[in-house]
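Mind having a look at this structure? Questions to follow.
Where a number appears in this text, it was derived from the coordinates with a stated rule and is not lab data. Treat the numbers as computed from the prediction; the structure is a model and nothing was measured. With ideal geometry, Cβ positions are generated from the backbone for all residues, glycine too; neighbour counts draw on all protein chains shown.
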Amino acid sequence: MHIKVIGQGPDLVMLHGWSMHSAVWHQLADNLSQQFTLHLVDLPGHGYSDWQDNGFELDTLVDNLAQQLPTSAYCLGWSLGGLVSIAFANKCPNRVKKLILLAATPRFVKADDWNNAMDASVFSAFADNLSENQQDTLQRFLLLQARGSAHSRDTIRQLSEQLAKETPAHPVALKFGLSVLINTDLRNEFSSLKCPLKLILGERDTLIPVAVSESLQQLKPNMDVTIISAAGHAPFISHTLECQTVIEQFLND
């Protein structure tokens with residue numbers, strides 16, 4: 001698994017979302033690297049990381065990360081990367097000093113007891129369309145991530161530029177990544193986490209409804225929550241400095 005290390009200071013692991021790669025953090029990473037040593041992970045089949053069978057089986061993925069990451073670090077996961085970070089913090093509790101979930105949740109799709117989430121059919125439609133036209137499917141997902149943001153056009157442009165900088169994600173990796181989003185429920189693991197938690201949500205996120213914060217605070221009453229005004233699913237792009245400030249304040253507290 002490819003992990004780029006930059007910066008200086010305490011270790012901070014950053015895990016990207018579905019279909020992207022670690023370069024998506026470009027501006028935020030440049031800013032945070034002044035205070036932290038960043039470990040920018042390319043998830044299996046994304047960026048410079050090769051795809052191998054069972055690459056997105058969470059236990060296997062966590063074990064592979066544990067072999068390469070520092071023995072103790074802060075962790076930040078965006079979207080799909082948030083699920084991976086929860087799984088890592090649950091299985092390796094002594095390895096994660098603090099955890100930040102950025103536009104992420106332990107369950108991405110609705111259930112009878114989990115209403116503040118997406119319909120599974122949305123992700124299933126992306127999965128069905130992947131085999132027919134991967135590029136069109138990825139572009140539609142970019143639009144969904146930027147929808148609602150006060151800076152949606154600029155967010156789409158930046159996401160598209162970063163996506164184009166590396167070889168497209170492996171088709172099988174994309175398929176299994178969507179399967180993780182559809183089928184994974186880590187609410188029990190989330191509620192049992194011992195490390196300090198921070199949740200950062202975009203006020204206008206159409207993938208992670210901001211109302212999910214209430215449900216998550218029922219699971220973790222002491223969790224700290226920040227809502228980025230007028231932001232969509234990628235607030236670290238549309239509101240970089242605000243995200244940076246919130247992250248630094250939480251980690252330095």
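How much of the pair distance distribution for the stretch 3-252 lies past 34 Å, counting alpha-carbon pairs only, in percent?
6
For a quick check: with amide H placed at 1.01 Å from N, whose amide H comes under 5 Å from Phe108's, ignoring anything fewer than 5 positions away on the same chain?
Long-range HN contacts for Phe108: none found.
Would you please put 185-191, 5-11, 81-87 in order of how densely packed they are, using the mean number of other Cβ atoms within 10 angstrom per residue and starting with the highest?
81-87, 185-191, 5-11
Run the simple label-point estimate for Glu242 and Gln217 please: 7 Å along Cα→C-beta, distance reported in nm.
A separation of 1.8 nm, rounded to one decimal place.
Taking the alpha-carbon distance from Lys98 and a cut-off under 18 Å, which aspartates and glutamates remain once sequence neighbours fewer than 8 residues away in the same chain are dropped?
Partners found: Asp11, Glu189, Asp224, Glu248, Asp253.
Given the pairs Lys175/Lys220; Lys91/Lys220; Lys4/Lys91, which span a C-alpha to C-alpha distance of over 29 angstrom in this model? Intermediate results must be reported in sequence, preceding the final value.
Numbers: Lys175/Lys220 31 Å; Lys91/Lys220 18 Å; Lys4/Lys91 23 Å.
Checking Cα-Cα distances, Lys175/Lys220 exceed 29 Å.
So who's got an amide H within less than 5 Å of the one on Gly9, skipping anything under 5 residues away but keeping other chains? H placed 1.01 Å off N, in plane.
Counting only residues 5 or more places away or on other chains, the set is Thr37.
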